[in-house]
Structure formats: C-alpha cells, structure tokens
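The values are calculated or read from the model by the stated rules, or taken from the named source; none is laboratory data. Predicted model only: the values in this text are computed from it and were never measured. Neighbour counts are summed over all protein chains in view; Cβ atoms, including those assigned to glycine, are modelled from backbone coordinates with ideal geometry.
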Amino acid sequence: MLATATFLGFVLLVIGLIHLYLWKRLVRDTTRPGRWRRAGGVAVVLLAVLVPVTLAGTRNGWYWLAWPGYLWLALMFYLLVLLLVLEVPTAVVRLGLRRRTRTATAAGQPEPALISTGGAPSRTGGTVEIDETAPADRAAEAGKAAEAGEAPGAGKAADTPPAGAEADHDPDRRLLLARGAAIFAGITAAGITGYGVRTAMGPPRLDRVRIPLAKLPRSMDGLRIATVSDIHLGPLRGRAHTERIVAMINRLDADLVAVVGDLVDGTVAELGTAAEPLRGLRSRYGSFFVTGNHEYYSGVEEWVREVDRLGLRVLQNERQEIRAGGGVLDLAGVNDVSAAGTGLAAPADYAAALGDRDPSRPVVLLAHQPVAAHEAAKFGVDLQLSGHTHGGQMVPFNLAVKLEQPVVSGLGEVDGTKVYVTNGAGFWGPPVRVGAPPQVTLVELRTP
C-alpha cells in the first residue's frame, strides 16, 4: 500500500512539474501580466488535473474522458520534448541579443533614464529627472491599468529591468522570441500528434520475417506463425478493431496463431462482446494465447476462461507439441513476468513450461515481455515471440523503453536466444503512434 501511494505521489509530482514548465514557456513568457496570463494559468491547471483524472476515470468506466484526456497526454509529451529541444537555440539567440545590447551601450549610446514614481529626484548620468506628472494624470493612468486587469505600472515594471541592474535586450524582442518558440512548438506538436492518431487508428501493417532455427526439422521448414500482441480492447477500441485483426490474420492462412498478451483494458463484462470475433480465428494447428500485464489489471481469471471459451488455447506455464510434416516442435507459453499470486494468476514458471523436455526439439516460447528472454535462455529456448513494448509507440519514448527491455522492436538476440518483438496491433493510453506503426507479423520458421 505504501509503495503504491509513493508511486502515485511521484507520478503526480512529475505531472505537476511538467505543467509548471509548460506554463512558464507557453503562458508566462509569451504574455504580459493581465487577464490573458491569468486565463492561461487556469487552463494549464485544468489540463494538469485532466491527466490523472483520465488515468483513474477510464479504469472505472468513465470512457468519455479517454479522447480529451489521452490526446492532451500525447500533445503534452510532444510539447515538452520540443520545448526542451528549443531551449538551446533560444538561449543562444538571447545571449546574442544581450551581447548586442552591451556592445551598443559601450559604443556610447545613452541608456534609458530612470524616472522616479513618487516625485523624488533620481540621478541618471549626472542629470536629475523629476516626475512632473500631475496627480490627476497618474490617477487616470492607474484607472486604465485597473480596467486592463493590471496593477498600476505593472506592465512597465514587469518588462523593465530594476534600477541598477545591467540592461538586457529589448523586452519586445524577448517577448517575440518566446512567442515564436511557443508557436513553433505548438504547431509541430499538434502536427505530430495528428499524424500519430491517423497511424494508430488505421489498419495494422503486415510484416513478414523469416527466422532460421538450427533444430527445426526440414519437414517443418516454412512453418508460419501469425503473431499479434497488444490489441488493447478498451475505451477507444472495440469490436470492429477485433474483427479487422481477425480478418487480416485469416487471410494469411497461417499454421499457428499466437496472441502474445495485452488483449484487453477492461473486464469481461465490459469487453466480452468486443473480444467475441476471436472465435473466428483460423489456423492449421491451433490458436494460442498468453497473458500480458494488462490482463492482470482487468480480471485475469475471468479472461483466461473467456479466451479459452473463444477457442484459443491459453498456455499457462505449459507447452504444447506441434506435429507437422512428420516433425515436432514444442510451443511453450509463460504467464507475464508481472503476475503474482496463485492459480491462473501465478507468475511465470519457466521450469514448468520448459523443463523435462526433449532438447533435440526446437522450442518456441510465447512470453509477453521481451525481458523474459533472460530466463528463457537458461532453458535453451530457440525463439521467443513477444510484444509489450508497442515498438516504443511514440518516438522518442522508445529510448526509455530500451532501458527496461532488451529488444524494443523486430528481431534481436538475448543470451543466445532469438527474440522477435512485434509492435502490437493497438495502443495504450494516447491513441497515437509515431515511428512504431501497429503491426501483425507473419513469422516464418526456416531450417538453416
């Protein structure tokens, strides 16, 4: 309980700091004090609240929050990335303008005179300046400032260096520079997000990959496994999404179908109808399923029974012999590494799935997370099929995924075990994919 509270507190802190930074760059730096700055501040606070409310609300059936909340999450991410990238060139430009101002001052151009606000004399460059503004004029000026939502003299004070401070470049240029950076970041982030939505909501891409296995019998050369993961039925994806994936897989006429976890983001009561088209999957030697981490957030025991009812064999820390063309291949599956508990919710058990088998046979392991390969390699697994990473889903987030998973997308190798990671056919959170299109993969096993 304490660990969960600490994690939630950390997430809220990060969200708050990100929005504070966005407020500084998009609101404070681009507006003068007044109503527009206040309105921008209120908008940023509301957007900051929207993020955790969406994450919690969609888990409790408030699906109407999904589109606005998750779209802002994606836009927020790209605004943050772009503004951080712009920090360096913006700082260089500011430095150049500051040096230009200093050079002009050193060349003998007069500095602005300092004016007293209370009628008392102030000495600048050896001369005395007296504020001769009549009290009535000052009162009228204060009234205009109040109507504009500013404190008297606030506009001048906010953009003018304090007395005695070293002169900076023109405040109007500083404002123009901030607005230019904000406009560029905003337009670019919106464009990237729009492209990502179109990609994520479009049909999955079909990829074909040939993987040689040293132990594969020649009679099984060319065995084809249609592989899909991370379908993520939920607030933004329903039955039509499943139907499209099933039709795509059936057109491949595969020997095996492997659904490698993260099928759903909701309970059987909420999403059972959306998952129903899986009953129509066709293959020569069967369709198989292993749990992903999201099944454990959605009622894993109910989903295991439901998927089995739909005709997919759920491999729960076990293996199945696949006999084809006179040869034999072991197809094994383990529960997700994040699982905990007993029974259907038990964690991955590699010994149960891979121990006491004929080592002369090739073995293909279905495991949701690529990181499982570190344990699988100890049991001589020839090939592991995984998902989970979404290929990073939103570049440059793939760089962060690489810190946790040994393979982010495509074919790699971990401790002598080949690992193929599919991007997944759906998405989690933002309906956005940039640099990692949705994917269904036809894996063809070949003899060397």
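For the range 402-428, give me the residue count where each residue is surrounded by fewer than 20 Cβ atoms within 10 Å (Cβ to Cβ), over 19 Å from Lys215 (Cβ atoms) and touching a helix residue (DSSP H, G or I) at 6+ places or on another chain (Cβ under 6 Å).
Count: 1.
Look through the range 57-90, keep the residues that are modelled with pLDDT under 95 and among the hydroxyl-bearing types (Ser, Thr, Tyr), and return whichever of them is surrounded by the most Cβ atoms within 10 Å (Cβ to Cβ).
Going through the qualifying residues, I end up with Thr58.
Take the range 283-299 and flag every residue that is of a type in the set (Val, Ile, Thr) and assigned to a strand (DSSP E or B).
Listed by number, the list holds a single entry, Val290.
With Pro171, Pro204 as the choices, which residue is touching a helix residue (DSSP H, G or I) at 6+ places or on another chain (Cβ under 7 Å) and free of Cβ contacts under 8 Å to residues at least 40 places away in the same chain?
Going through Pro171, Pro204 in turn, just one is touching a helix residue (DSSP H, G or I) at 6+ places or on another chain (Cβ under 7 Å) and free of Cβ contacts under 8 Å to residues at least 40 places away in the same chain: Pro171.
Are any residues in the range 287-317 in contact (Cβ under 8 Å) with a residue 24 or more places away in the chain, in contact with a strand residue (DSSP E or B) (Cβ under 6 Å, 6 or more places away or on another chain) and not hydroxyl-bearing (Ser, Thr, Tyr), and if so, which ones?
Phe288, Phe289, Val290, Val304, Val307, Leu312, Arg313, Val314, Leu315
Which pairs do you get when a residue that is outside the structural domain of Arg25 (by TED's automatic domain parsing) and surrounded by 14 or more Cβ atoms within 10 Å (Cβ to Cβ), found in the range 43-56, comes within reach of a residue that is among the acidic types (Asp, Glu) and in a helix (DSSP H, G or I), reach meaning Cβ atoms under 9 angstrom, with the pair 6+ apart or on two chains?
Going by the 9 Å Cβ cut-off, there are no qualifying pairs.
Can you confirm whether the range 318-326 contains a residue that is among the polar types (S, T, N, Q), touching a residue at least 12 places away in the same chain (Cβ under 8 Å) and crowded, with 17+ Cβ neighbours inside 10 Å?
Within the range 318-326, not a single residue is among the polar types (S, T, N, Q), touching a residue at least 12 places away in the same chain (Cβ under 8 Å) and crowded, with 17+ Cβ neighbours inside 10 Å.
Would you check which residues across the range 251-282 are within 24 Å of the chain's Cα centre (by Cα) and either under 22 Å from Ser386 (Cα atoms) or not assigned by TED's automatic domain parsing to the domain that holds Ile225 (or both) and list them?
Val259, Val260, Gly261, Asp262, Leu263, Val264, Asp265, Gly266
Would a scan of the range 3-24 turn up a residue that is out of contact with any strand residue (DSSP E or B) (no Cβ under 7 Å at 6 or more places or on another chain), crowded, with 16+ Cβ neighbours inside 10 Å and polar (S, T, N, Q)?
Scanning the range 3-24, I find no residue that is out of contact with any strand residue (DSSP E or B) (no Cβ under 7 Å at 6 or more places or on another chain), crowded, with 16+ Cβ neighbours inside 10 Å and polar (S, T, N, Q), so the answer is no.
Restricting to the range 432-444, give me the number of residues that are farther than 21 Å from Val257 by Cβ and surrounded by fewer than 23 Cβ atoms within 10 Å (Cβ to Cβ).
Residues meeting the conditions: 1.
Of all residues in the range 231-274, count the ones that are assigned to a loop (DSSP other than H, G, I, E, B), touching a strand residue (DSSP E or B) at 6+ places or on another chain (Cβ under 9 Å) and buried (at least 17 other Cβ atoms within 10 Å of the Cβ).
Count: 9.
Take the residues in the range 364-381 that are among the hydrophobic types (A, V, I, L, M, F, W, C) and buried (at least 24 other Cβ atoms within 10 Å of the Cβ); name whichever of them is nearest to His294 (Cα to Cα).
Ala367
Only one residue in Val264, Val259 is in contact with a helix residue (DSSP H, G or I) (Cβ under 7 Å, 6 or more places away or on another chain) and not acidic (Asp, Glu). Which one?
When all the criteria are applied, what remains is Val264.
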